Amino acid sequence: MAAAGGAALTAPLVLLYYGFSIGITFYNKWLMKSFPFPLLVTLLHLLLIFGLSAIARTLARCRSGRPRAALSWGDCLRRAAPAALSTSLDIGLSNWSFLYVTVSLYTMTKSSAILFILLFSLLFKLEELRVALLLVVLLIAGGLFMFTYKSTQFNAQGFVLVLCASFLGGIRWTLTQILMQKADLGLQNPIDIMFHLQPLMFLGLLPLFAVFEGLPLSVSEKLFRFHEAGMLFSLVGKLFLGGILAFGLGFSEFLLVSRTSSLTLSIAGIFKEICILFLATRLLGDRLSLLNWLGFAVCLSGISLHVILKAMNSKGENALKPHKEASSNPDLELLLRRTDRGEEEEEDVETPQHH
């Protein structure tokens, strides 16, 4: 019955994830048309996510009665700063690119992040070099080339921004994985990760904002020189909506992985990209040639192969250790709590993280 209940929950959780993920992609493109200050938008969203994660931690602490993980500023700077900086630049450059590229080109180029994730996983010894991984790299890179080759809506500046964001995304997820695997930090829970990284991410992105958007924003009627209070309130509402979507995306990913598996999230991500490209051509008028669609199919085949390889590897590891599925408990508090039931369980917390 528990398995049936878990299966019944998968579809709603996938739809929730789709709603936030697809929603924030089209939201960013829509917002950049009326408020072309992507770095400011990112900074404001970081502040909102920090506030929401602080509220979530407080509610979880009140419910469980257990203290949450709390790192000093020194520990944060020394151990979490690289992950925070790469994350903030990944998000900032991604939002910046929406000033220049279509949603379809953004989605396709962002898929190349797996290339950089694999590269840094090899460098940090999280993955072993195999022929199958080389095939994944060739398929994704080849598909990306076919998608961008003679594209009618190609923008070089935007493409470089997304590619840089994908590169930073590879560093981001590799460092975040290493950070979450350090049991002594107590940051296995993404809510705690979000809470501790947001201030560092804000400080890391602030200089870039000051250089590229500080002066244009100070003389813009979009914020400081507005003529109508209604226009300002409308803008604040739009920015608040984006922060809710950003926080919801991170939390829905966590819910999906907690109730199902990372494999489910990966598969859902593949179909999500298909949905985004379909919606972009129908709603935004993105134009894709047959070669572009073929390149997209080749890239997806590489991503799918990567997902299959991860599934096979995970299955092999699970066969060597007792199966432990603590997250199958439907109590929402378990999805928010810190996994710190005492020193005797620290080894159990650390072991499942090494996939």
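The values are calculated or read from the model by the stated rules, or taken from the named source; none is laboratory data. Quantities reported herein were computed from a predicted structural model and do not represent experimental measurements. Quick reminder, even Gly has a Cβ in these numbers, built from the backbone with ideal geometry, and neighbours come from all protein chains shown. Only protein heavy atoms, including side chains, enter the accessible area calculation; ligands, DNA and RNA are left aside. Shrake-Rupley method; radii C 1.70, N 1.55, O 1.52, S 1.80 Å.
Give the residues of region 96-129 that are free of Cβ contacts under 8 Å to residues at least 12 places away in the same chain and either among the acidic types (Asp, Glu) or within 18 Å of Ile303 (Cα to Cα) (or both), sorted by residue number. Selection gives Leu122, Glu127, Glu128, Leu129. Considering each residue of region 153-164 in turn, at least one proves to be touching a residue at least 60 places away in the same chain (Cβ under 8 Å) and over 21 Å from the mean Cα position of the chain (by Cα). Among the residues of region 115-139, the ones that are under 13 Å from Gln177 (Cα atoms) and exposed (fewer than 12 other Cβ atoms within 10 Å of the Cβ) come to 1 in all.
Being over 20 Å from the mean Cα position of the chain (by Cα) and open to solvent by less than 10 Å² (accessible area, probe 1.4 Å) is the filter; apply it to region 45-75 and report the residue that is farthest from Gly243 (Cα to Cα). Checked region 45-75; the qualifying residue farthest from Gly243 (Cα to Cα) is Ala69.
Of all residues in region 193-233, those that are open to solvent by less than 30 Å² (accessible area, probe 1.4 Å), under 16 Å from Ser34 (Cα atoms) and either in a helix (DSSP H, G or I) or modelled with pLDDT of 90 or more (or both) total 1.
Screening Val137 with (1) among the hydrophobic types (A, V, I, L, M, F, W, C); (2) out of contact with any Asp or Glu (no Cβ under 9 Å at 6 or more places or on another chain); (3) at pLDDT below 90; (4) closer than 21 Å to Val41 by Cβ gives one miss only, at (4).
In region 19-42, is there at least one residue being surrounded by 16 or more Cβ atoms within 10 Å (Cβ to Cβ), farther than 27 Å from Leu232 by Cα and not aliphatic (A, V, I, L, M)? No; the residues of region 19-42 include none that is surrounded by 16 or more Cβ atoms within 10 Å (Cβ to Cβ), farther than 27 Å from Leu232 by Cα and not aliphatic (A, V, I, L, M).
Condition first: hydroxyl-bearing (Ser, Thr, Tyr), under 19 Å from Leu217 (Cα atoms) and at pLDDT 90 or above. Can you find one or more residues in region 33-40 that meet it? No, there is no match, as no residue in region 33-40 is hydroxyl-bearing (Ser, Thr, Tyr), under 19 Å from Leu217 (Cα atoms) and at pLDDT 90 or above.
Restricting attention to region 20-41, the residues that are without any contact (Cβ under 8 Å) to a residue 40 or more places away in the chain and under 16 Å from the mean Cα position of the chain (by Cα) add up to 0. Before we move on, is Phe240 closer than 25 Å to Ala113 by Cβ and either at pLDDT 90 or above or open to solvent by 50 Å² or more (accessible area, probe 1.4 Å) (or both)? No; evaluated as a whole, the condition is false for this residue. Could you check, for region 178-187, whether at least one of its residues is of a type outside the set (D, E, K, R), surrounded by 20 or more Cβ atoms within 10 Å (Cβ to Cβ), modelled with pLDDT of 75 or more and under 19 Å from the mean Cα position of the chain (by Cα)? No, region 178-187 contains no residue that is of a type outside the set (D, E, K, R), surrounded by 20 or more Cβ atoms within 10 Å (Cβ to Cβ), modelled with pLDDT of 75 or more and under 19 Å from the mean Cα position of the chain (by Cα).
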